[in-house]
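Have a look at the structure below, then the notes.
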Amino acid sequence: FFVMEWPWEADEGDHFETSQQAYDHLAPWLHAHASRVEKRNKEFTIYDPYYCVGSTVGILRDIGKQKWQVINRKRDFYADIRGNLIPEHHVLVTNPAYSGDHKQRLLKWILNEAADRIISGKYPRPFALLLPSWSATKTYWRQFLQDWNELHGDVDAPIFYICPSAKYKFSYVTRDGPPMAPFYGIWFVGGGSPTASTVSREALRAQLPESVTVATSFRQLEKQGLIRSHTDIKKRVTLNENRRRRAEKYGKQKPVAQEAPKKKAVAPGTAQPAVPGGCRHFFSVGCNRGDKCKFSHAVAG
């Protein structure tokens, strides 16, 4: 069903449409970048490479009062990368598929495109990715930040996070599903020139409701309860009942398996009196499975 409906390998759990509320929280950032583009008498273009059912286009065009171009096409994003068919755009805004390695592949493309732009004397394109808050603790995001900072050298290239106080709702488009996500979705935001990044971040702080905050560090995410600190993770492991019981019983040593009783050797082909639960092959012509046999090789009497 999914392969026929979408031109790429799709997972059923990936088909959630981003809510109006999530885009509304991003709106001040979008308007800040759009104003810089429109001052040059150009049409502001947003690119979302992950197509679901296309509602993204209408929502973002409404936010831009129908002046913005929004590209969200029913195409294979990765095939377009290979074919050098990515459309020209000013900002990347997307809620990528969460299954498989989609997030990692997206981050890799952002880094590669940023490197190409820096080589050509341009700033990386601004991006806003709607991801589960726990993504910030994952190795792929930490590695992305390290590579991102190394790519920019001495140039300030801040990454920040738009954090709602309540979980975003999503529209499950393939069948009836839970409207509320089981995780906190937050916007991971970066790119652009240092000036544009600062202006857009301050626009968010000035215009967002008090229930939405802009975090600039992992520590701030921890304070809001959006990610666990190393101390919390350690405490969680300590309080895990199964782990605690094993630790009390065995300490730091792994339990030693008890040695199985030695079996009486019997020459193959020698008929022996059977015992309950015994290996019938062993008692007739001789079992050749040895220790791998799950039945008893004991001799009656």
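The values are calculated or read from the model by the stated rules, or taken from the named source; none is laboratory data. Everything numeric in this text was worked out from a predicted model, so none of it was measured. As a convention, Cβ positions derive from the backbone with ideal geometry for all residues, glycine included, and neighbour counts pool all protein chains shown. Surface areas here come from the heavy atoms of the whole protein model, side chains and all, with no ligands, DNA or RNA. Shrake-Rupley method; radii C 1.70, N 1.55, O 1.52, S 1.80 Å.
Listed values, structure above:
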| item | result |
| --- | --- |
| Yes/no for residue 118 being among the β-branched types (Val, Ile, Thr), open to solvent by 10 Å² or more (accessible area, probe 1.4 Å) and in a loop (DSSP other than H, G, I, E, B) | no |
| Some residue of segment 79-96 being among the aliphatic types (A, V, I, L, M) and closer than 19 Å to residue 135 by Cα | yes |
| Total residues in segment 161-198, condition more than 27 Å from residue 54 (Cα to Cα) and either at pLDDT 95 or above or charged (D, E, K, R) (or both) | 0 |
| In segment 187-222, residue least open to solvent (accessible area, probe 1.4 Å) [restricted to those that are β-branched (Val, Ile, Thr) and closer than 11 Å to residue 29 by Cβ] | 189 |
| Among the candidates 137, 94, residue that is of a type in the set (S, T, N, Q) and either in contact with a Leu (Cβ under 7 Å, 6 or more places away or on another chain) or surrounded by 19 or more Cβ atoms within 10 Å (Cβ to Cβ) (or both) | 94 |
| Segment 56-68, residues that are open to solvent by 50 Å² or more (accessible area, probe 1.4 Å) and assigned to a loop (DSSP other than H, G, I, E, B) | 65, 66, 67 |
| Output for segment 30-55, where each listed residue is touching a residue at least 24 places away in the same chain (Cβ under 8 Å), farther than 19 Å from residue 96 by Cα and either aliphatic (A, V, I, L, M) or assigned to a helix (DSSP H, G or I) (or both) | 31, 32, 33, 34, 36, 37, 38 |
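Results for (1) surrounded by fewer than 16 Cβ atoms within 10 Å (Cβ to Cβ); (2) touching a residue at least 40 places away in the same chain (Cβ under 8 Å); (3) not in a loop (DSSP other than H, G, I, E, B), shown as yes or no for each residue.
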| site | (1), (2), (3) |
| --- | --- |
| 70 | no, no, yes |
| 73 | yes, no, no |
| 80 | yes, no, yes |
| 89 | no, yes, no |
| 98 | no, yes, no |
| 103 | no, no, yes |
| 107 | no, no, yes |
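For (1) out of contact with any Lys or Arg (no Cβ under 8 Å at 6 or more places or on another chain); (2) basic (Lys, Arg); (3) part of a helix (DSSP H, G or I), each residue gets a yes or a no:
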| position | (1), (2), (3) |
| --- | --- |
| 128 | yes, no, no |
| 135 | no, no, yes |
| 146 | yes, no, yes |
| 149 | yes, no, yes |
| 156 | yes, no, no |
| 162 | yes, no, no |
| 170 | yes, no, no |
